[in-house]
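Just below is one structure, and these are the notes that go with it.
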Amino acid sequence: MPEPTAAPAQGDPPDQGNPPVRSGPPPQGGPASGGQPAPGGPQPGGQPHRRFSLQAWGQLCARRPLGLLAVWLVILVGSGLLYPTLEKSLGAPDYTVRHAESARAQQLVAAHFPVLGAEQDVVVFRSTAHQVDAPEYRAAVDRVLAAVRAQPRVTGVVSPYEPAADEQVAADRRVAVAVVGLAGSESVRAETAKDLQRIVADSTRGSPLETYLTGPSPLTNDLSDVELADQERAEMIGIPIALGVLLLCLGGVVAAGLPLLVALASVLGCTGLLVALAGPLHLDRFATVITTVIGIGIGIDYALFIVSRYREELARAAAGRRPTRDDVRVALGRALHTSGRTIVISGAIVIVALSSLVIIDGHIFMEIAVASALVVATCLVTSLTLLPALLSVLGHRINSGALPRRLRPTDVDGGERQGRWSAWARTVLRRPVAFGLPALILLIALAWPVASIKLGIDWGLAALSETPSGKGQQIVSTSFSPGAVGPVQTVVCADSALTDRHLDGVARLTAAAEADGRVDRVTSITGVLDRTAGSHNQATLQAAAGSPAGRPVVASLVDLDRGGRCTYLQTLVNRPVDSPAAIEFVTHLRERLVPDAFRGVDVDVQVGGLTAQYADLAKETTRKLPWVVGIVLALSFGYLLVVFRSLFVPAKAVVLNLLATTAAVGLTVIVFQYGYGEGALGFTSVGNLQAYLPVALFALLFGLSMDYEVFMVSRIQEEWLRSGDNDAAVATALQHTARQITAGAAIMIAVFGALIAADVLELKQFGFGLAVAVLIDATVVRMLLVPAAMKLASGANWWLPGWLGRLLPKWRVE
């Protein structure tokens, strides 16, 4: 990564610095003028305060690399052996918001209606040759359901042949469904669904029926398989491109292979940690996908910066002769002293940004925060331990396998201080407003669509059309209702047994919901009593509950075994459960229909189900987003203030990174919410972004943007401390960092952008958002706005009030 202060000349003790070399008079506003920095700020030629030394660590790695390599060999072999365990422990995505209404509704259903289980799945039967009444049809159904009932985690099965199950048979009488209740946690239900899929397939082999199991867990299991295929496809696309970029950037086979090797080791090494956390955190496939792509992208980035600085320092130490072991030791120490320290800073900011997600009351955010922060931390550890050991063993052979000279980049070892990037920087520095203002306007324009962002959840059903659960869901959607797989659940509880007033409220709610154009059907106790007994009141309820034929039906809608004080309503929406229209209906049900139906009636009403979960997640995300943004900005500013001992540098970094991140989210809105990228990227817009995506992207993208910020500004500070010339410092820093920034950005764009080829929409959105953010940051921000801002601020770049300098801890990039 970056490079902070000037490295001592060869042979100088590491704790002493040479006086800065100046050419020409001190710049206006520089150290010799009245605009000099306050005592608390960094001084040209001064020596930064030091608390610990990565330089000494690098030199230690150079002397004893084999011990580190042995430790890493054990870690990687162990992690490889644990990988199958991780695969088995992955569960279903959990979109629950712990203290939301949907969570309370789920708890009430589990407590008062255990026959429904924690989840209701559906076994779908279809025949082109027979109708439901045919003996062959019924025999096949009975055989499947007998096998399903025998499973220990199945709480109940409602056959299409039961007396009150007319609604479970399609109008053409060739399709029927059985409702299956599952008990247990998310992971237990996912495992049960896998068993049931096999049982259903085995039980109907050779029968005249097509039979599928569908529902939340079966769909999620198949979605996990599709996401795994998407992940593998992304790796096959991204890794070769990354290797090609590394070859062009570093100009040698060995140097190019090392960052990729370290990144893959980081991802594999993170596996062992994920295995330990998979149980308590209930990790799902999405966690492993983001761990892989982030680990490869950031791991290559961090290693690339250290390898580049090591080669630069090795060339400087050798001074044209063949490098010795002492040269290797000195170069490795300097590389970690500068680039190593900077990846620690940027990595810490990424982890801090990701950790802010835990304030959101949703499991999905905890999962993203922990998995992403864990792999970033692993990349840091790998880059500061495994990579130095490998560089020490390789020594000067890091330059082996060099490309033909015509393919090698100029200044491959960092020797030049002038070049095309330096020339570009001086062009921007001569006209900072002319370059900076259009770039600023562009970012604001791209960020503008964020104001109209809509949040929801796409279940990924479009990617499941060829899977068993996807086929079953499509049949249910066509023959019954698109919302049948995830009905809206409403639980009404009174303080005592349901009275006529309570039942009248339920009847009003039933009628109001059925009158809504987004609803296909409502199943409620009052509807059943009106059809079977002609009226709904306490007397008809008690009569139905007392009859052998009626009791099972009533017990599925009223908690007879717990005093009969709660009743359950099931609403089928005629839109997909993850559609904006379904979410809007849930909001309407909660805010209008329920209050109107129970006005003046003392009851507790909770609305749940999958659609309600999605609505609650979107609401919680919107509510907590300002807090996440505020925490990330404040902590990042404070951290950079301590590191760089400047007011302007952290303020500029926070503002520019916020603009770049918001612009990336705005572009994601344009493409995926507005649908302007449907044809090119191969998807159908659902009219919203994943509820967790904007806040997760913000936390991750802000951290990634800060990565390049620290890299570039650290080198600017180093050069300024060397010369005291602001323009020369910016130009020289860009010359020495632009190639690595461009290469690192190209690699991240390739790795993240490869997810755009995914079949699952959330992965497309995630990959696109990350890729465009890196593109914006590496081009518009680093190549235009940072040089322009540093020029306009000039002498104020490193200014810090003396009183603040005395208060701040004396620690910064060395």
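For the range 474-505, how many residues are within 41 Å of the chain's Cα centre (by Cα), outside any loop (DSSP other than H, G, I, E, B) and aliphatic (A, V, I, L, M)?
Looking only at that region, the number is 5.
For the range 376-400, give me each residue that is under 13 Å from residue 57 (Cα atoms) and surrounded by fewer than 21 Cβ atoms within 10 Å (Cβ to Cβ).
Taking the range 376-400 first, the residues under 13 Å from residue 57 (Cα atoms) are 381, 383-389, 392.
The answer is 381, 385.
I want to confirm something. Restricting to the range 740-769 and keeping residues that are farther than 24 Å from residue 257 by Cα and among the aliphatic types (A, V, I, L, M), which single residue is farthest from the chain's Cα centre (by Cα)?
757
Please work out if residue 632 is under 17 Å from residue 700 (Cβ atoms) and in a helix (DSSP H, G or I). Before the answer, list the steps.
Numbers: under 17 Å from residue 700 (Cβ atoms): yes; in a helix (DSSP H, G or I): yes.
Taking the combined requirement at face value, the residue satisfies it.
Go through the range 182-218 and give me each residue that's in a helix (DSSP H, G or I), of a type in the set (Gly, Ala, Ser), at pLDDT below 90 and closer than 17 Å to residue 117 by Cβ. Before the answer, list the steps.
Of the range 182-218, the ones in a helix (DSSP H, G or I) are 186-203, 216-218.
So of that shortlist, the ones also of a type in the set (Gly, Ala, Ser) come out as 187, 190, 193, 201, 203, 217.
When the remaining residues are screened for being at pLDDT below 90, the result is 187, 190, 201, 203, 217.
Once the filter is applied, which keeps residues that are in a helix (DSSP H, G or I), of a type in the set (Gly, Ala, Ser), at pLDDT below 90 and closer than 17 Å to residue 117 by Cβ, the range 182-218 yields 187, 190, 217.
Evaluate the range 566-587: report whether one residue or more is in a helix (DSSP H, G or I), closer than 15 Å to residue 512 by Cβ and either touching a residue at least 40 places away in the same chain (Cβ under 8 Å) or among the charged types (D, E, K, R) (or both). Lay out the reasoning, then the answer.
From the range 566-587, those in a helix (DSSP H, G or I) are 580-587; that's our starting set.
Adding the requirement that they be closer than 15 Å to residue 512 by Cβ leaves 585-587.
Those still in the list that are either touching a residue at least 40 places away in the same chain (Cβ under 8 Å) or among the charged types (D, E, K, R) (or both) too: 585-586.
Within the range 566-587, one or more residues are in a helix (DSSP H, G or I), closer than 15 Å to residue 512 by Cβ and either touching a residue at least 40 places away in the same chain (Cβ under 8 Å) or among the charged types (D, E, K, R) (or both).
Could you give every pair whose Cβ atoms fall below 6 Å, whose first residue belongs to the range 617-629 and is over 15 Å from residue 690 (Cα atoms), and whose second residue is among the small types (Gly, Ala, Ser), counting only separations of at least 6 or pairs across chains?
Listed by first residue and then by second, the contacts come to 628/356.
Determine whether residue 775 is part of a helix (DSSP H, G or I), in contact (Cβ under 8 Å) with a residue 40 or more places away in the chain and not charged (D, E, K, R). Reasoning before the result, please.
Numbers: part of a helix (DSSP H, G or I): yes; in contact (Cβ under 8 Å) with a residue 40 or more places away in the chain: no; not charged (D, E, K, R): yes.
So residue 775 fails the test.
Kindly evaluate residue 245 against the criterion of being more than 29 Å from residue 90 (Cβ to Cβ) and part of a helix (DSSP H, G or I).
On the way: more than 29 Å from residue 90 (Cβ to Cβ): yes; part of a helix (DSSP H, G or I): yes.
Spelling it out, residue 245 is indeed more than 29 Å from residue 90 (Cβ to Cβ) and part of a helix (DSSP H, G or I).
Would you point out the residue of the range 301-357, among those that are acidic (Asp, Glu) and either over 31 Å from the mean Cα position of the chain (by Cα) or under 19 Å from residue 63 (Cα atoms) (or both), that is surrounded by the fewest Cβ atoms within 10 Å (Cβ to Cβ)?
If we take residues in the range 301-357 being acidic (Asp, Glu) and either over 31 Å from the mean Cα position of the chain (by Cα) or under 19 Å from residue 63 (Cα atoms) (or both), then 326 is surrounded by the fewest Cβ atoms within 10 Å (Cβ to Cβ).
Quick check, is residue 648 over 30 Å from residue 498 (Cβ atoms) and without any contact (Cβ under 8 Å) to a residue 24 or more places away in the chain? Write out each step before concluding.
Details: over 30 Å from residue 498 (Cβ atoms): yes; without any contact (Cβ under 8 Å) to a residue 24 or more places away in the chain: no.
So residue 648 does not fit the description; no.
May I ask you to list pairs of residues, at least six apart or on different chains, whose Cβ atoms are under 6 Å apart, with the first in the range 695-707 being touching a residue at least 24 places away in the same chain (Cβ under 8 Å) and closer than 17 Å to residue 366 by Cβ and the second being polar (S, T, N, Q) and in a helix (DSSP H, G or I)?
695/621; 698/661; 699/356
In the range 530-562, what residues are within 50 Å of the chain's Cα centre (by Cα), assigned to a loop (DSSP other than H, G, I, E, B) and modelled with pLDDT under 90?
Quick first cut of the range 530-562, residues within 50 Å of the chain's Cα centre (by Cα) only: 530-531, 536, 541, 545, 550-562.
Remaining after also requiring assigned to a loop (DSSP other than H, G, I, E, B): 536, 550, 556-557, 559.
Answer for the range 530-562, where residues must be within 50 Å of the chain's Cα centre (by Cα), assigned to a loop (DSSP other than H, G, I, E, B) and modelled with pLDDT under 90: 550, 556.
Being touching a residue at least 24 places away in the same chain (Cβ under 8 Å) and part of a loop (DSSP other than H, G, I, E, B) is the filter here, so list the residues in the range 136-151 that pass it.
151
Name the residues in the range 588-600 that are of a type in the set (D, E, K, R), over 38 Å from the mean Cα position of the chain (by Cα) and assigned to a helix (DSSP H, G or I), would you?
Of everything in the range 588-600, just one residue is of a type in the set (D, E, K, R), over 38 Å from the mean Cα position of the chain (by Cα) and assigned to a helix (DSSP H, G or I), namely 596.
Could you count how many residues in the range 515-542 are free of Cβ contacts under 8 Å to residues at least 12 places away in the same chain and under 19 Å from residue 501 (Cβ atoms)?
Number of matching residues: 5.
Which one is nearest to residue 123 (Cα to Cα), of the residues in the range 162-188 that are in contact with a Lys or Arg (Cβ under 9 Å, 6 or more places away or on another chain) and surrounded by fewer than 17 Cβ atoms within 10 Å (Cβ to Cβ)?
Only one residue tops the list, namely 167.
Do you know which residues across the range 72-100 are in contact (Cβ under 8 Å) with a residue 12 or more places away in the chain and farther than 30 Å from residue 608 by Cβ? Before you say what the answer is, go through the steps one by one.
To start, the set of residues in the range 72-100 that are in contact (Cβ under 8 Å) with a residue 12 or more places away in the chain comprises 72, 75-76, 78-80, 82-83, 85-86, 89-100.
Across the range 72-100, the qualifying residues are 72, 75, 76, 78, 79, 80, 82, 83, 85, 86.
Do we have any residue at all in the range 646-662 that's in contact with a strand residue (DSSP E or B) (Cβ under 6 Å, 6 or more places away or on another chain) and crowded, with 21+ Cβ neighbours inside 10 Å?
So the first thing to find is which residues in the range 646-662 are in contact with a strand residue (DSSP E or B) (Cβ under 6 Å, 6 or more places away or on another chain), and the list is none.
No: the range 646-662 contains no residue that is in contact with a strand residue (DSSP E or B) (Cβ under 6 Å, 6 or more places away or on another chain) and crowded, with 21+ Cβ neighbours inside 10 Å.
When you scan the range 426-449, do you find a residue that is in a helix (DSSP H, G or I), farther than 30 Å from residue 730 by Cα, at pLDDT 95 or above and under 25 Å from the mean Cα position of the chain (by Cα), even just one? Spell out the reasoning first.
Taking the range 426-449 first, the residues in a helix (DSSP H, G or I) are 426-430, 432-449.
Filter once more, keeping what is farther than 30 Å from residue 730 by Cα: 448-449.
Applying the additional criterion that residues be at pLDDT 95 or above yields 448-449.
If we keep only those that are under 25 Å from the mean Cα position of the chain (by Cα) too, we end up with 448-449.
So far as the range 426-449 goes, yes, one or more of its residues are in a helix (DSSP H, G or I), farther than 30 Å from residue 730 by Cα, at pLDDT 95 or above and under 25 Å from the mean Cα position of the chain (by Cα).
The values are calculated or read from the model by the stated rules, or taken from the named source; none is laboratory data. All values derive from a computational prediction rather than experimental measurement. Note: ideal-geometry Cβ built from the backbone for every residue, glycine included; neighbour counts use all protein chains shown.
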